[in-house]
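First comes the structure, then the notes that go with it.
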Amino acid sequence: MSLPFDKIKVLHVASEMHPIVKKGGLGDVVGSLPKAQRELGIDSRVLLPMYPSIDENVKRKFKRMPHKLYIPLEWRVFPGFLWKANVQGVPVYLLEIEDIPFPAEVYPSNLNLNTIKPFFLFSLAALEFEKSARWRPQILHLHDWPTSQVAIALKWHMHYSSFSHLYDTVLTIHNLAHQGIIQETDLIPWGISKEAFNIDGLEYYGMINLLKGGIIASDAITTVSPRYSWEIQTKEYGMGLDGVLKKYSSKLRGILNGIDYSYWNPLTDPFLPAHYDIDNISPKEECRRALLTRCKWDEDHLPILIYIGRLVEQKGIDLLLYSIESIVGHGCRLIVLGEGNEVYEQSLKEASAQFPANVFVKIGYDEELAHLMYAGGDMLIMPSYFEPCGLTQLIAMRYGTVPICRAVGGLADTVIDADTAHDGTGFLFSHYSSEALLHAIGRALGAWNSPELWSQIVRNCMIADFSWSRSSMEYAKLYLELLGVSDLRSF
Ligand code: ADP
């Protein structure tokens, strides 16, 4: 029996979408999940803010929709425009609001009433969307605190709560560390009723917590891996919301992220000097040589370890920094690409100055170098303190680069330790310490020195399937449940 997914209409209301605007994994997910959903027959579309930093060449592809929409806030009404384009088969709408610019850096560094106002208006605009788009979704799929405000408005807004029967909402938590907390306590001038400000609403230690409000107000909550969905219900990883998540656990489920296998494909990747797949891995060597040249190193057959990602505490950069000297001592090369905390950036630059023959550091965001590193590296290091899903390890595996990860969240759900299973895809460690990381690196180097074993692990990585096919189906079934389709044949 084929499932009636073609009847589902979903609008992803999001703050990022690759390739239009991307800051991290959320951008990858919104850039690939709707595409996979459309392949199932779902009419899946995306609404994004029109950030001033979006590339002009990208903006030019969008056409302004003829009908304005009007968003009420305080004593006035803000007119807005939708701009529409087809992005890899997905209808995408950018919202422009007169007099209200979205932050160029996407997320404001300081959250307060002023800086969250564009996202609040954006969220209300999602409820006015059909008037301009001439298309009404049944499901509003929200992502993290910037758009959890849609669910908040549907539950507690003096006007928009009357729209609640029109939509079902799904809130995906990509990272519980970002909750959208503001000091202010009064959203009444914005139309949010007083009753929302209590312990069963937005109130959080005398402040407002937008993610918490979204968790309570949404019809369903998902997180990006099954393990993270229970980790966030514990004190250690709950970031102060474990109690709320436990209370609402019946509507919480973990659905593993996938990656876009047409974009992340070593056989066709336009950023690579040579192409390969499981049937012919040897061109990976040429990518390795190009990577070495990029770092101004000669080939001397040392294992290449890579790190790609934000340079923040969450990612275990402390462990990496403490381990660099030993990594060099083990005769490895380390290439780091990332940006974030200035202290980490500085320490990494110092390490590369201290070990120029073994450590290469590029501070910044560099899509091209990232692709070359995934293809040219041997091992990926991901010592995260916590990791909701992690895409980097999935991409690395797709490119035959073996992950060495801390066994948390999505890392534990996606990497199989090669010392414990024949189909092993990497090396895991549990204790959050540089000793444990170095021990896992030592085990990986042991395997690397045994070419037959290593090539089996590389093959296992490349065979593992982390495309969206399974996970997009899980989302589709969740949507059907929300739409009350228990007997699928009657839909
Ligand atoms: P996050 O916690 O940042 O969402 P993920 O592992 O889920 O981490 O996703 C990270 C994504 O961002 C991957 O696609 C990775 O390749 C990319 N990425 C992270 N930092 C950089 C960078 N400095 N340059 C290029 N790509 C990066």
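The values are calculated or read from the model by the stated rules, or taken from the named source; none is laboratory data. It should be emphasised that the depicted structure is a prediction, and the values quoted were computed from it without experimental measurement. Cβ sites come from the backbone with ideal geometry, for glycine too, and all protein chains shown count toward neighbours. Note: accessible area is taken over every heavy atom of the protein model, side chains too, but ligands, DNA and RNA are not part of it. Shrake-Rupley method; radii C 1.70, N 1.55, O 1.52, S 1.80 Å.
Rounded to 0.05, the FRET efficiency of the Tyr107 and Asn449 pair, given R0 = 45 Å and the Cβ-Cβ distance, is 0.55.
Over the chain, calculate the relative contact order: mean separation of alpha carbon pairs under 8 Å at least 6 apart, over the residue count, as a percent. The value is 12 percent. Extension gain, His301 to Ile463: 0.36 nm times the residue separation minus the Cα-Cα distance gives 55.8 nm. Here's the list of aspartates and glutamates a cross-link from Lys68 could span, going by alpha-carbon distance under 14 Å and ignoring same-chain residues fewer than 8 apart: Glu96, Glu98, Glu128, Glu130. Nonpolar atom fraction for the range 233-354, defined as the carbon and sulfur part of the 1.4 Å probe accessible area, stands at 50 percent. Its Cα centre serving as origin, the chain has a Cβ charge dipole (Lys and Arg +1, Asp and Glu -1) of approximately 1460 debye.
Taking the range 388-424 and a reference point 7 angstrom along Cα→Cβ of Asp318, the backbone N atoms nearer than 20 Å belong to 388, 405-409. Pairs exceeding a 21 Å alpha-carbon distance, out of Lys63/Lys131; Lys212/Lys251; Lys84/Lys131; Lys23/Lys235; Lys22/Lys251; Lys235/Lys315: Lys23/Lys235; Lys22/Lys251. Between helix 284-294 and the chain there is an angle of about 90 degrees, using the helix long axis and the longest principal axis of the Cα atoms.
The angle separating the long axis of helix 342-354 from the principal Cα axis of greatest extent in the chain is about 20 degrees. For Thr172, the amide hydrogen comes within under 5 Å of the amide hydrogens of Leu142, His143, Asp144, Thr222, counting only partners 5 or more places away or on other chains and with H modelled in the peptide plane.
Per-residue ellipticity at 222 nm, computed for the chain from helices alone with -39500 (n - 2.57) per DSSP H run of at least four residues, works out to -11000 deg cm²/dmol. Which length gain, in nm to one decimal place, applies between Glu39 and Lys9 when the Cα-Cα distance is subtracted from 0.36 nm times their residue separation? Extra length from Glu39 to Lys9 when fully extended: 9.5 nm.
Residue order by solvent-accessible surface for Lys9, Lys117 is Lys9, Lys117, largest first, with ligands and nucleic acids left out and a 1.4 Å probe. Solvent-accessible surface of the chain, taken per residue with a 1.4 Å probe and all protein chains present: 40 Å². Relative contact order for the range 284-465: 21 percent, from Cα pairs under 8 Å spaced at least 6 residues apart, divided by residue count. Taking every protein chain into account, the 1.4 Å probe leaves Trp145 with about 20 Å² of accessible area, to the nearest ten.
Pull out a ≥ b ≥ c, the square roots of the eigenvalues of the alpha-carbon gyration tensor of the range 284-465, then state rounded if a/c is under 1.5, prolate if not and a/b is larger than b/c, and oblate in the remaining case. Rounded. Between helix 144-156 and the chain there is an angle of about 20 degrees, using the helix long axis and the longest principal axis of the Cα atoms. Since only Asn209, Met397, Ile232 are under comparison, the one whose Cα sits farthest along the positive direction of the charge dipole of the chain, derived from C-beta charges on Lys, Arg, Asp and Glu, is Asn209. A simple spin-label model places pseudo-atoms 7 Å from Cα toward Cβ; at Gln138 and Lys251 they are separated by 1.8 nm.
Full extension of the chain between His422 and Lys63 yields a length gain of 124.0 nm, computed as 0.36 nm times the residue separation minus the alpha carbon distance.
Each peptide among 199-210, 388-399, 19-30 gets the average number of other Cβ atoms lying within 10 Å of its residues, and from highest to lowest they stand as 388-399, 19-30, 199-210. Straight-line reach from Lys284: taking Cα to Cα under 19 Å and skipping same-chain neighbours fewer than 8 places apart, the lysines in range are Lys296. Amide H contacts under 5 Å for Gly340: Leu311, restricted to partners 5 or more places along the chain or on a different chain, H placed in the peptide plane at 1.01 Å from N.
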